[in-house]
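Student: Below are the structure tokens for one structure; questions will follow.
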Amino acid sequence: MRGMMESFYSKAGNRIMAIAISVLWLVVLYLVLAVTRIDPDQQMAQKIFYYHVPSAWTAGIAFLAVAVSGGFYLFTQNEKWDHLGLASAELGTLFCALVLITGPIWAKPIWGEPWSWEPRLTTVLIMFLIYIGYFLLRQFGEIGERTRRVSAVIGIAAFVNVPIIYVSVKFWSAEAQLHPQPGMSQQPADVYWTFILSLITFTLLFVHLLRNRLHLLKLQSQMSRMRDDI
């Protein structure tokens, strides 16, 4: 197994992607700190926006993958879809945690408090807790087909919360929420393109981590079957 892992991580494509993502991270960091203008109202706190929103975007992509793979698993019972669902859920929860961390960092100087039970923050927290429950099931539930099927159903049902999060600023009145209204198309070019580059970087990071995690899950499954055959 160790030899297979070393072979996988030494592949040129995997290394190139890792290097490219690292370079993009540095470029985004430079643009955020040295190039993009400072918002006159939010000052430096606005800079967290370049990481907060892409984290939410990437979490949404990951949870979509959980739902889609869950549907395919229920129809096919193919282990690869269960692996995709689990890996995507892990990464989605990681990026969701980043949203919940960066949000209060921005909110403290802007709202005067790190947390408010306004619609978008609350729905993000609910989604995070749902996937924590997903992992508790995977960790402590019985190993087998039933746990995988229930996990797939949870992944599909939990995705309903994702579009609610993204349109929550339109569902509730402005008086009921503190979250900024979307308006990226009206932003200056330096802000807009730095934001787009950050979105691309986060998306590539997700793809890279997902690829590696899927490979690990496949190896673990193969090793488990080998132990059962002994």
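Read-outs: derived from the displayed coordinates by stated rules, not from any lab. Given the structure is predicted, the values throughout are model-derived calculations rather than measurements. For neighbour counting, all protein chains shown are included, and Cβ atoms are generated from backbone atoms with ideal geometry for every residue, glycine included.
Student: What is the distance, in nm, between label points placed 7 Å from the Cα along the Cα-to-Cβ direction at I200 and at A34?
Tutor: The modelled label-to-label distance comes out at 1.9 nm.
Student: Shifting gears a bit: Hand me the trypsin sites (Lys or Arg not before Pro) from segment 22-119 located in a DSSP loop with no more than 11 other Cβ atoms within 10 Å, in residue order please.
Tutor: Listed in order of number, the matching sites are R37.
Student: Relative contact order for segment 2-229: what percent, with Cα pairs under 8 Å and sequence separation of 6 or more?
Tutor: On the way: 210 pairs, mean separation 65.9, N = 228.
Result for segment 2-229 is 29 percent.
Student: What is the total of Lys pairs in the chain with C-alpha atoms under 22 Å apart, excluding same-chain pairs fewer than 8 positions apart? Let's see the in-between values first.
Tutor: Values: K11/K80; K11/K218; K47/K108; K80/K218.
The number of close lysine pairs in the chain is 4.
Student: Out of the GluC sites (Glu not before Pro) in segment 58-152, which ones are loop residues according to DSSP with at most 12 other C-beta atoms within 10 Å? Don't skip to the answer; put the middle values down first.
Tutor: On the way: sites: E79, E90, E142, E145; in loops: E142.
Listed in order of number, the matching sites are E142.
Student: Still on this structure, I have one more. Quick test of the membrane-span-like rule: which DSSP H helices of the chain reach at least 15 Å along their long axis (C-alpha atoms) with mean Kyte hydropathy at least 1.6? It would help to have the intermediate numbers written out before the result.
Tutor: On the way: long enough: 12-30 (27 Å, 1.76); 49-76 (40 Å, 1.11); 79-111 (47 Å, 0.67); 119-140 (32 Å, 1.30); 145-158 (20 Å, 0.28); 189-229 (60 Å, 0.33).
Taking the DSSP H segments of the chain (at least 15 Å long, mean hydropathy at least 1.6), we get 12-30.
Student: Here's something else I'd like to know. Which whole-percent values make up P(r) of the chain when all C-alpha to C-alpha distances are grouped in 10 Å steps starting at zero?
Tutor: 7, 27, 32, 22, 10, 2, 0
Student: If the only charges are +1 at each Lys and Arg Cβ and -1 at each Asp and Glu Cβ, what is the size of the charge dipole of the chain around the Cα centre, to the nearest 20 debye?
Tutor: Working: 18 positive and 14 negative charges, 123 e Å.
Charge dipole of the chain: 600 debye, to the nearest 20.
Student: Further, regarding this structure: Would you calculate, for the chain, the mean residue ellipticity at 222 nm contributed by helices, counting each DSSP H stretch of 4 or more residues as -39,500 (n - 2.57) and dividing by all residues, to the nearest 500? Display every interim value, and only then the final one.
Tutor: Working: 8 runs with 176 residues, N = 230.
The helix-only estimate for the chain comes to -26500 deg cm²/dmol at 222 nm.
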